[in-house]
Each structure stands twice: as structure tokens, then as C-alpha cells.
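K.L.:
Structure incoming, see below.
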Amino acid sequence: MSTIMPRLLACAALTLTVVAASAQAGPEPDPARAGAAWTGTWTNMNNTMHVRAGRCGDAMCGTVIWADDKTKADIASRGRSLIGTQVFREFRQTGPNEWKGKVYVPALDQTISGRIELTDSDSITASGCALFGFGCQTRHWKRIR
């Protein structure tokens with residue numbers, strides 16, 4: 001019995017150390033807030049399209065809320081409407097300033113794997129590749145709201 005007590009005390013001390021360390025580390029990130037850094041309204045560098053980004057269930061998405069007349073006409077000529085189209089879909093945070101999901105490319109009528117990187121508080125870089133790393137594109141967006 002004399003060896004049991006020191007072992008119990010050692011286990012209790014170890015447990016308290018782990019609990020204290022966990023409390024100091026802070027709470028786990030709130031999945032409902034993940035992605036909040038790029039919530040807002042964004043424009044592409046040519047100012048031909050505006051996308052509103054925000055939470056869509058447990059992920060982030062971005063929907064076209066405005067496009068210039070030429071861009072709308074280009075997409076309309078293919079029998080589709082651009083306004084209301086979700087171009088960023090199912091983006092989930094994979095790093096401190098990085099999210100991965102799907103990008104719908106209206107000009108190609110194709111959905112590709114994509115990545116969004118928050119380069120500063122008002123800039124994101126969206127990139128994606130079609131097949132096996134071919135047809136890759138990168139677009140820069142600036143926050144407007």
C-alpha cells in the first residue's frame with residue numbers, strides 16, 4: 001500500500017498539469033466562425049464581378065451579387081444567369097489564412113478544386129486547376145465591404 005499512494009499522487013499531479021495546460025491553451029476554434037476573416041463583399045481586379053462571401057452551413061461560400069453588362073451578357077449567351085450563382089462552394093479552413101473548396105468558373109461552365117488565401121485583411125487570392133493540375137488560374141480579389 002505504501003507504493004500505491006505515491007503513484008496515485010503522481011497520476012493526480014499529471015492529470016492536473018494536463019488540465020491546466022489545456023485551459024491555458026484556450027478554447028478550440030469555433031467552427032461556426034471559421035472563415036469569418038473573408039466574410040464580406042469582394043471584387044475581382046477588373047471590377048467586372050462582385051461576390052458576397054459568408055457562411056453556408058458548416059463551410060464558406062461566395063455568391064455573385066453584381067456583374068458588369070459585358071460579363072452578364074457573356075454568360076447569358078450560354079443560357080445561364082450569373083447573378084445569384086455560387087462561385088465559391090464548400091470552402092473549409094485548412095490553415096491560418098487558407099481555405100479549400102470548389103470554384104465554379106462560369107465562362108467554362110465547370111467546377112474545379114480551389115484554394116483561397118487571405119493575403120491581408122482586404123485581399124484574397126483564389127486559385128484552382130481543372131484536370132490533374134492543368135488549366136490553372138489565379139485571381140486576386142479586393143474587399144469592397
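The values are calculated or read from the model by the stated rules, or taken from the named source; none is laboratory data. Computed from a prediction, not measured in an experiment: that's the story for all the values here. Quick reminder, even Gly has a Cβ in these numbers, built from the backbone with ideal geometry, and neighbours come from all protein chains shown.
K.L.:
What strands (runs of 3 or more DSSP E) lie completely within segment 41-95 and have 2 or more residues being of a type in the set (V, I, T)?
P.N.:
59-67, 86-95
K.L.:
Another one. Out of all the residues in segment 122-137, is one or more surrounded by 14 or more Cβ atoms within 10 Å (Cβ to Cβ) and in contact (Cβ under 8 Å) with a residue 40 or more places away in the chain?
P.N.:
Yes: one or more hits.
K.L.:
Taking segment 120-131 on its own, how many of its residues are at pLDDT 90 or above and either under 22 Å from I144 (Cα atoms) or more than 17 Å from the chain's Cα centre (by Cα) (or both)?
P.N.:
Total meeting the criteria: 8.
Table: residues versus (1) of a type in the set (A, V, I, L, M, F, W, C); (2) modelled with pLDDT under 95; (3) more than 11 Å from the chain's Cα centre (by Cα).
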position	(1), (2), (3)
R92	no, no, no
S113	no, yes, yes
L118	yes, no, no
G133	no, yes, yes
Q137	no, yes, yes
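K.L.:
Residues of segment 52-101 being more than 20 Å from C129 (Cα to Cα) and touching a Gly at 6+ places or on another chain (Cβ under 6 Å), which ones?
P.N.:
Within segment 52-101, A53 is the sole residue that qualifies.
K.L.:
Can you tell me which of (1) under 20 Å from S121 (Cα atoms); (2) small (G, A, S); (3) modelled with pLDDT under 95 is the one A23 doesn't meet?
P.N.:
Every condition holds for A23 apart from (1).
K.L.:
Of all residues in segment 45-59, which are over 12 Å from the mean Cα position of the chain (by Cα) and either surrounded by 15 or more Cβ atoms within 10 Å (Cβ to Cβ) or farther than 12 Å from R89 by Cα (or both)?
P.N.:
M45, N46, N47, T48, M49, H50, V51, R52 - these are the residues of segment 45-59 that are over 12 Å from the mean Cα position of the chain (by Cα) and either surrounded by 15 or more Cβ atoms within 10 Å (Cβ to Cβ) or farther than 12 Å from R89 by Cα (or both).
K.L.:
Might you let me know whether segment 92-106 holds any residue that is more than 23 Å from A37 (Cβ to Cβ) and either surrounded by fewer than 17 Cβ atoms within 10 Å (Cβ to Cβ) or without any contact (Cβ under 8 Å) to a residue 24 or more places away in the chain (or both)?
P.N.:
yes
K.L.:
Now for a different question. For segment 66-83, how many residues meet the condition of being farther than 20 Å from R143 by Cβ, surrounded by 11 or more Cβ atoms within 10 Å (Cβ to Cβ) and of a type in the set (G, A, S)?
P.N.:
Number satisfying all stated conditions: 3.
K.L.:
Do you know which residues across segment 69-86 are farther than 14 Å from A107 by Cβ and either in contact with a Phe, Trp or Tyr (Cβ under 6 Å, 6 or more places away or on another chain) or touching a residue at least 12 places away in the same chain (Cβ under 8 Å) (or both)?
P.N.:
Matches in segment 69-86: I83, G84, Q86.
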